[in-house]
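Following: one structure in structure tokens, then a few remarks.
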Amino acid sequence: MAELQEVQITEEKPLLPGQTPEMAKTHSVETPYGSVTFTVYGTPKPKRPAILTYHDVGLNYKSCFQPLFQFGDMQEIIQNFVRVHVDAPGMEEGAPVFPLGYQYPSLDQLADMIPCILQYLNFSTIIGVGVGAGAYILSRYALTHPDTVEGLVLINIDPNAKGWMDWAAHKLTGLTSSIPEMILGHLFSQEELSGNSELIQKYRNIITHAPNLENIELYWNSYNNRRDLNLERGGAVTLKCPVMLVVGDQAPHEDAVMADSGGQPQLTQPGKLTEAFKYFLQGMGYMASSCMTRLSRSRTASLTSAASIDGNRSRSRTLSQSSESGTLPSGPPGHTMEVSC
């Protein structure tokens, strides 16, 4: 596998007191399904997996994950793990528009690109963090390569293929809405879009004026043609690693936890998500001596946790953490942790 590109960049963020600029390297490698670009921050830590992120439709790794990974309390986490931010093909900054008739990879094929990334970097295991389409891709990868995935953080995932009613609604919406508006409807709830906050205006502008909008539409089409993951709690097809399921309060199907659309907690609630992620890592046996976050010190944290994804579990229970207690009880291997932000 030949390296196509490597450039040295500095992460764009205001520095905290005493903090030095974090250097990153961007690489592109060839895979059986085309070239894929990814950016690496930090250096590998002995006996620790890499944190690998995958973004949602309409975004790239920066617009999807920067508010989370630039958050102050997240710095303790990123100092302990090397990070690999994957851009879906054609979504990276400065990406050329694909030629007319280009066959964009399916979500399954995008998942099959990940082994090429890990082989190139010589990384053996990851903790995946995915949003929407990216969460689906990482789940598909974890099902086919379970030995390389130590944990998953899945934000607003919909593991199901579109049904006939979904297709009809999608086609009808396509007759009256532009591609940017449909993608915004996937990323945010109608309440958020109607409120037209500064965040919504920012992301509407990013997507509407994206120079690679044609590429974004191809990724969008692949997402809408996804297969059913056929995941079942305690069933034959299940994720073997610990999983943290995250859904935004504004998501339309919050009760199902694995939800599509509405609310981007990594953008709007980085503090809550950072705290939950830290507890999740502690439950996996990492960062046992981690400091409490500012959020924990200032309020009572309520996290919904479940005992096991393999069937030996209660459906769910609410664990209320007071500011005096430092860690959540850790579940058995394969446990899930469900968080509403």
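The values are calculated or read from the model by the stated rules, or taken from the named source; none is laboratory data. Predicted model, so just to flag it, every value in this text is computed and none were measured. Cβ atoms come from the backbone with ideal geometry, glycine included; neighbour counts cover every protein chain shown. Heavy atoms of the whole protein, side chains included, go into the accessibility calculation; ligands, DNA and RNA do not. Shrake-Rupley method; radii C 1.70, N 1.55, O 1.52, S 1.80 Å.
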Among the listed residues PHE71, PHE65, which satisfies the condition of being under 20 Å from LYS202 (Cβ atoms) and in contact with a Pro (Cβ under 7 Å, 6 or more places away or on another chain)?
-> PHE71
Could you please give the count of residues in the stretch 56-96 that are among the β-branched types (Val, Ile, Thr) and within 26 Å of ASP112 (Cβ to Cβ)?
-> 4
For LEU273, work out the one condition from (1) touching a Pro at 6+ places or on another chain (Cβ under 8 Å); (2) modelled with pLDDT of 50 or more; (3) of a type in the set (A, V, I, L, M); (4) open to solvent by 10 Å² or more (accessible area, probe 1.4 Å) it doesn't fulfil.
-> (4)
Restricting attention to the stretch 137-154, which residues are assigned to a helix (DSSP H, G or I), without any contact (Cβ under 8 Å) to a residue 40 or more places away in the chain and surrounded by fewer than 20 Cβ atoms within 10 Å (Cβ to Cβ)?
-> THR144, ASP147, THR148
Considering the stretch 246-270, residues that are at pLDDT below 80 and in contact with a helix residue (DSSP H, G or I) (Cβ under 6 Å, 6 or more places away or on another chain), and then whichever is surrounded by the most Cβ atoms within 10 Å (Cβ to Cβ), we arrive at GLY248
Can you confirm whether the stretch 108-118 contains a residue that is assigned to a loop (DSSP other than H, G, I, E, B) and not hydrophobic (A, V, I, L, M, F, W, C)?
-> no
Looking at the stretch 94-117, which of the residues that are open to solvent by 10 Å² or more (accessible area, probe 1.4 Å) and in contact with a Ser or Thr (Cβ under 7 Å, 6 or more places away or on another chain) is nearest to PRO49 (Cα to Cα)?
-> CYS116
When you scan the stretch 40-92, how many residues do you find that are open to solvent by 30 Å² or more (accessible area, probe 1.4 Å) and either touching a helix residue (DSSP H, G or I) at 6+ places or on another chain (Cβ under 7 Å) or among the aliphatic types (A, V, I, L, M) (or both)?
-> 3
Quick check, is GLN103 without any contact (Cβ under 8 Å) to a residue 60 or more places away in the chain and assigned to a helix (DSSP H, G or I)?
-> no
Being out of contact with any Phe, Trp or Tyr (no Cβ under 8 Å at 6 or more places or on another chain) and either part of a loop (DSSP other than H, G, I, E, B) or without any contact (Cβ under 8 Å) to a residue 60 or more places away in the chain (or both) is the filter here, so list the residues in the stretch 29-40 that pass it.
-> PRO32, TYR33, SER35, THR37
